[in-house]
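*Asks:* Attaching a single structure in structure tokens format; questions to follow.
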Amino acid sequence: MEPPDVQQAESSYTFGDRSTSDIVVRLRNEEGRDDWIYCHSKILTERSRYFADRLSDKWPTCKILDSRYCVEVICQESDYDHHINLLRLLYVVGSGGDDDVPGDHHLCHNVKSALGVLCVAKELDCPLVVAACVNYLEAVPWEEGEEEEMLRVIPMIGSEAEPVLARLQPVDQSAVTGIFSSAFRFATSSPPLPLCDIKASAQEQIDYMITEDDDAPLLIADEVIKLEVKECVKSLFVRFFQCLDSEEVTSKNGALKMVVSDLSWAFQILTKMEMVRDFVVTWVETSEKLVKVVEAMETAAETVEIRVKVTEVTSKVVEAIGYGTVILPTVKRLQMVKLWLPFVRETKPLVDSVVTNQEEDKEEGVRCKIDGEIWQALESSFVSIILALPSSDQAEILTEWLSKNGVYPDLTEAFEVWCYRSKVAKRRLGLLGGEEDGKDMS
């Protein structure tokens, strides 16, 4: 332990104090900057192994005149200020005794500066400053660009800097599963209105977690996760049924609109998890009642908004049916066409009218617009479903469509295919033997 008078003398040292300095650090760069910084050899040698070596008798130039009183350090322009900050920090770190925790307000003003000082501290072998920078960087928030810089710089520092990257480390699968389950339960719940923005964020993040983009999905659903998701969607449908059964369902009742929005989101998630069958079957079974409830509402902008949400979900369901993702009996497919064709035929002009009025009146707050791709997807899905029905059912549907003067959805493709199939049907079946057998019997 050093004598009290030595400790007192050391505590009185001030960075840059020429009157008490016994050594100069000459900081230079290739651009011509040349600063003479007045320091104290005791501070430098105790807190930097680099300076301890430079000022020792073992250094090759120790016998040269003035080499013991002036240490020249050459650096890049980009690191110049970081070197000065490092020398300043040597007077701060460790000055508070064993209870002093480096890395608080004494350190750099921002993350970029702390990273720069950390690199210099590693180069000049200053363990206390390295610890101070690590503590600072581990505790403060970072911008996204700074995270990338951390990943570039920190691994070059060594094991002592590993705590800095703790927040960027991947977590184990059980933690991912836990947060996914909690988020999914919240995303399919019915929270108070002030929490709806948080719920929307949870839905976005769940979608992000299971989406494969530049990176693999964060979560691969196992049977436990799938069971959890099924139960949450089942609860969502319970709320949906309660809304349909309620005698107070009106166009201004936001409960139905919210739950249908949640169902639309849930179907998107189920599609990515390859779990849509139960959803489709439930929607098909509920369709008749749903259409009656929505059509019974008063015509208003709010009603059209509910129609929009219902149409968005229906478009996803009929697409799954039309393209064979979910296989249903003929009677169920025919039922879907007969229920939803008139519904979307009536909905489209209502939506177009409300959107036009909103644009003219510059109204805000009512979201009644449907993406053109959804109308096109509905049309294509209906055509696919119709063309997979028995010919007589196709004829009935097309007759009704033509009686409406070919309004939306455009079933021209189905009509053309039906005409062709019907005209060549006898010849085709004859090639299979049916027609020839009939001639022989006569």
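*Asks:* Based on alpha-carbon atoms only, what is the radius of gyration of region 275-323 relative to the globular estimate 2.2 N^0.38 Å?
*Replies:* That works out to 1.23 for region 275-323.
*Asks:* Using a cut-off of 15 Å between beta-carbons, work out the net charge of the residues near R345 (Lys and Arg +1, Asp and Glu -1, R345 not included).
*Replies:* Surrounding charge for R345 is -2.
*Asks:* What order, most packed first, do the peptides 377-385, 127-135, 77-85 have when packing is the mean number of other Cβ atoms within 10 Å of each residue?
*Replies:* The packing order, highest mean first, is 127-135, 377-385, 77-85.
*Asks:* Cross-link candidates for K226: which lysines have Cα within less than 19 Å, leaving aside residues fewer than 8 places away along the same chain?
*Replies:* Result set, ordered by chain and number: K234, K272.
*Asks:* Which entries of K199/K316; K348/K369; K289/K309; K230/K292; K316/K348 show an alpha-carbon separation above 18 angstrom in the structure shown? Let's see the in-between values first.
*Replies:* Working: K199/K316 22 Å; K348/K369 10 Å; K289/K309 16 Å; K230/K292 27 Å; K316/K348 16 Å.
Correct reply: K199/K316; K230/K292.
*Asks:* Taking Cα centroids, how far is region 124-173 from region 309-350 in Å?
*Replies:* When both Cα centres are located, 54 Å separates them.
*Asks:* Give me the accessible area of M150, 1.4 Å probe, in Å² rounded to the nearest 10.
*Replies:* Roll a 1.4 Å probe over it and M150 shows about 0 Å².
*Asks:* While we're looking at this one, here's another question. For W401, what accessible area in Å² do you get when you roll a 1.4 Å probe over the heavy atoms of the protein chains, rounding to the nearest 10?
*Replies:* Here the accessible area works out near 10 Å².
*Asks:* Lys and Arg at +1, Asp and Glu at -1: add these up for the other residues within a Cβ distance under 13 Å of S190 and post the number.
*Replies:* +3
The values are calculated or read from the model by the stated rules, or taken from the named source; none is laboratory data. Keep in mind the model is a prediction, meaning the values are calculated, not measured. Positions of Cβ are backbone-derived with ideal geometry, glycine not excepted, and every protein chain shown enters the neighbour counts. Side chains are part of the model used for accessible areas, which takes the heavy atoms of the whole protein and leaves out ligands, DNA and RNA. Shrake-Rupley method; radii C 1.70, N 1.55, O 1.52, S 1.80 Å.
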